[in-house]
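Written out below as structure tokens is the structure these notes cover.
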Amino acid sequence: MSCFGGDLPDDEREALKQQKRHQKEIDAQLRQDKIAYKATHRLLLLGAGESGKSTIVKQMKILHKDGYSDQERYEKVKDIRSNIRDSIVSVIEAMDKLQPRVQISDAENVPRAQYVRDVVSQKTFDSFSPEFFSTVSILWKDAGVQAMLERSNEYQLIDSAAYFMHEHKLAEISRPDYKPDDQDILRCRVLTNGIFETKFVVEKVNFHMFDVGGQRSERRKWIQCFNDVTAIVFVVSCSSFDTVIREDGKTVSHVCAHGGIAV
């Protein structure tokens, strides 16, 4: 029998040729994948919680991808309304903890503040009713609440609170047919858990951007992302230099929240 398959039946010779063609196609695809891999820039975003990592990713999606679909926008409604809930709860609860204490200015708003403490602060609360928005709108105008905003660096308050609590924006968000715009989505705060990859192209250059959680409990996952990254982008919120972090409620700068390393 020939070593080169000359004596093989026709069907076996055809199968051998087909196998060689498949192998060549696989080799060609592997070469193309290798070239594409080398031409892709992998960016890893690191930084403390609420430093703006996810906001950068959202900006890339808006600027360099197809933006947000109507379905994706409607999915953000609950998160935005939860931001409003968390903001008013943070302010009211901080009133009882900060020294010197700050009191509700208008006596008529005391029951409203108690409603926030007793009902809205519950983890299972999701009743974003007209009563809820009316209560929040009135409380936000109270002089005591406004005084608390001046001391927001002493407790945990998202930086978009004032934006969402603006009278006209609050009325817009309360409507049943509310659809968030790009600015609403950018300002919406959602805690990042795990690792998220976003792919986009800028002037024919491929980018893969990795967003990771910034809280202390999430940082142990960072090591999984260091392999083959092109660049590490360390994100810092310069306006949060004197604010407390969510993990311990102490006045520790977000800039120095990584084991005492200042950047």
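List of remarks:
- Long pairs among Lys53/Lys141; Lys169/Lys199; Lys65/Lys199, criterion Cα-Cα beyond 20 Å: Lys53/Lys141; Lys169/Lys199
- The radius of gyration of the Cα set in region 95-197, together with its Dmax, comes out at 15.1, 50 angstrom.
- Estimated dipole of region 128-175 in Debye, rounded to 20 [Cβ of Lys and Arg +1, of Asp and Glu -1, Cα centre]: 100
- Within straight-line reach of Lys78, meaning a Cα separation under 13 Å, sit the following aspartates and glutamates at least 8 residues removed in sequence or on another chain: Asp86, Asp126, Asp177, Asp184.
- In plain terms, the chain from Arg13 to Ser82 could stretch by 18.1 nm, reckoned as 0.36 nm per residue minus the Cα-Cα distance.
- Alpha-carbon gyration tensor eigenvalues x 5, square-rooted, for region 61-148, Å: 31, 15, 12
- Here the spin labels are modelled as points 7 Å beyond Cα on the Cα-Cβ line, and at Tyr74 and Phe234 they lie 4.4 nm apart.
- Label-to-label distance for Leu30 and Ser105 is 7.2 nm, based on points extended 7 Å past Cα in the beta-carbon direction.
- In region 121-192, chymotrypsin sites (Phe, Trp or Tyr not before Pro) in a DSSP loop with at most 14 other beta-carbon atoms within 10 Å: Phe125
- Cut-off 11 Å, label 7 Å out along Cα→Cβ of Asp242, residues of region 151-191 by amide N: 151-154
- Stokes-Einstein D for region 146-186, Kirkwood Rh over Cα pairs, 10 °C, 1.306 mPa s (µm²/s): 136
Just so you know, all these numbers are worked out from the coordinates, no wet-lab data involved. Not measured: the values here are computed from a predicted model. Virtual Cβ from ideal backbone geometry, glycine too; neighbours counted across all protein chains shown.
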